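These notes are about the structure you will find just below.
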Amino acid sequence: MRTGLDEGVYEVFARKSRGEPLRHIGYIDAPGDELARVYAWKTYDEENWFEMCVVPRGAVIPVNRVEGPWAKNVPEETPGS
Amino acid sequence: MTPYTEDELKKKIRGGYILESPEEMTPGYRKALIVQLTVQADTELMSAPAYWFAARHAPSTNTQVSAHAIIQDELAHANIAYRLLEDLGVSKEHLVYGREPHEFKHPYGFDQPLDNWAELVVANGFFDRAGICLLGDVHRNTSYGPLKRALVKVDMEETFHLRHGEVWMRRLARAGGAATELLQRCVDWMFPMTIEWFGLPDDLKHHSGQLDYKLKGLTNDELRQVWMSSTVPLCEGLGLSVPAHYDEEADEYVLEYPFPCEYDPGAKRWLFEDGEITWGAVFERWKGRGPMNEIYVDSVRRSRASVASWLN
């Protein structure tokens, strides 16, 4: 049963300062993009991040790996392509 | 379907292999990891209400802020551990909202009331230190990549909790009089509580696979020694007495009381005078849960149903 508290998974990426790589630092469950931003910022507060962003898990498309959390996002091959 | 047999996976792990997804796990590995993560998540979650009730005794707005910052950290750590469990196919919804209070897997210490500011800071000094010993060991040794990465944040923050505990223990110890007496009373019940937290001694422990799968690196007795090696000198340095000392000949810390022994949660007192009990009796006490179990569990989930109904 779906409730108004249902949440989806977001991947959290951040970089500590200018010149640093953007790193995957964790995940957060949230009912939508706006709260995902808030929850990520409040949960991963161990650093004074220069930049943080969140990506819905379903939007990450793996290129070379066929297992792991994003495996189900591999696009189905179009017949004849 | 796992590509390895149990023995093949253990051998690969011994060679430094890091697992990144459930597909690579054998049933034995998955089961051992789920047990470990459930204990971790439940412990973080139940520390929050224990500290939250105690934070009401904070003596200033500054101390309120630090106490609540610690509670916020603990909830975030719980959230992260439950998220890792979801990726193993275990429902967070069920774990947090679907179980009976006595089914949570946190240690007995977090079923106890923390009744004043001294008890809160000693909990930071003792319980959070136990957390660092256990999770620091997991962080250094775990063969599960997502957990190793998640623990970077956890380790960093638990160190702050420990520092908070130590600084305040020092302040109370220096004050003398009633403050020091109260601090000593905290140590008297919370020291053996933390010692017991590390679980069965190695000579009685059934083989759990956690070491073979490198889900942790040190045994229960080794972790207990690590905890004592910093806690005993800290307390001695503050003029507090603890029922343990360093034995030079044995090159280890030894307890000065019957272990394990019975606990009277109402009086917050260990019954040293009644002598040693079996670990079977300890497990019975743990299973029966402590005085705050239902109250703490209810406090983290009481509004779930009403808010969900407003949103539908």
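Every read-out reported here was derived from the displayed coordinates using simple, explicitly stated rules and does not represent laboratory data. All values derive from a computational prediction rather than experimental measurement. In this analysis, Cβ positions are derived from the backbone assuming ideal geometry, glycine residues included, and neighbour counts consider all displayed protein chains.
What is the count of Lys pairs in the stretch B:155-312 whose alpha carbons sit under 24 Å apart, if the two are 8 or more places apart or on different chains?
So the count of such lysine pairs works out to 4.
Before rounding to the nearest 500, sum -39500 (n - 2.57) across all DSSP H runs of length at least 4 in chain A and divide by the residue total; then give [θ] at 222 nm in deg cm²/dmol.
-4000 deg cm²/dmol
Restricting to lysine pairs 8 or more places apart or on different chains, what number in the stretch B:7-120 have Cα atoms under 22 Å apart?
The result is 6.
Per the Cauchy relation, a quarter of the hull surface: what is the mean projected area of the convex hull of the alpha carbons in the stretch B:1-113, in nm²?
8.9 nm²
To the nearest 500 deg cm²/dmol, what mean residue ellipticity at 222 nm is calculated for chain B from DSSP H runs of n ≥ 4 alone, each contributing -39,500 (n - 2.57), summed and divided by the residues?
Counting only the DSSP helices, I get -20500 deg cm²/dmol.
Just add up the charged neighbours of B:Arg129: K/R +1, D/E -1, any other residue whose Cβ is under 14 Å from the Cβ of B:Arg129.
In short, -4.
Please give the per residue volume of the convex hull enclosing the alpha carbon atoms of the protein assembly as shown, rounded to a whole number of Å³.
Cα convex hull per residue, to the nearest whole number: 191 Å³.
Report, by chain and number, residues whose modeled amide H sits under 5 Å from the one on B:Glu252, excluding near sequence neighbours (fewer than 5 apart, same chain).
The answer is B:Asp247.
With θ set to phi - 60°, apply the Karplus curve 6.51 cos²θ - 1.76 cosθ + 1.60 along the stretch B:294-305 and write out the HN-Hα couplings as whole Hz, x wherever there is a Gly or Pro.
Per-residue couplings from phi come out as 5, 5, 5, 4, 4, 5, 8, 9, 5, 9, 3, 5 Hz.
What percentages, rounded to whole numbers, describe P(r) for the stretch B:29-80 computed over all alpha carbon pairs with 5 Å bin width beginning at zero?
5, 21, 24, 18, 12, 9, 6, 3, 2, 0
Which value, to two decimals, describes the C-alpha radius of gyration of chain B once divided by 2.2 N^0.38 Å?
In units of the globular-protein estimate, chain B measures up at 1.02.
Once you have a ≥ b ≥ c as the square roots of the Cα gyration tensor eigenvalues for the stretch A:8-73, tell me rounded if a/c is under 1.5, and otherwise prolate or oblate according to whether a/b is larger than b/c.
Oblate, since a/c reaches 1.5 and b/c is not below a/b.
Between B:Ser91 and A:Val74, what's the calculated FRET efficiency when r is the beta-carbon distance and R0 is 25 Å? Round to 0.05.
0.50
GNM, chain B, Cα, under 10 Å: largest mean-square fluctuation among B:Met25, B:Met46, B:Met156?
Among B:Met25, B:Met46, B:Met156, the largest mean-square fluctuation in the Gaussian network model of chain B belongs to B:Met156.
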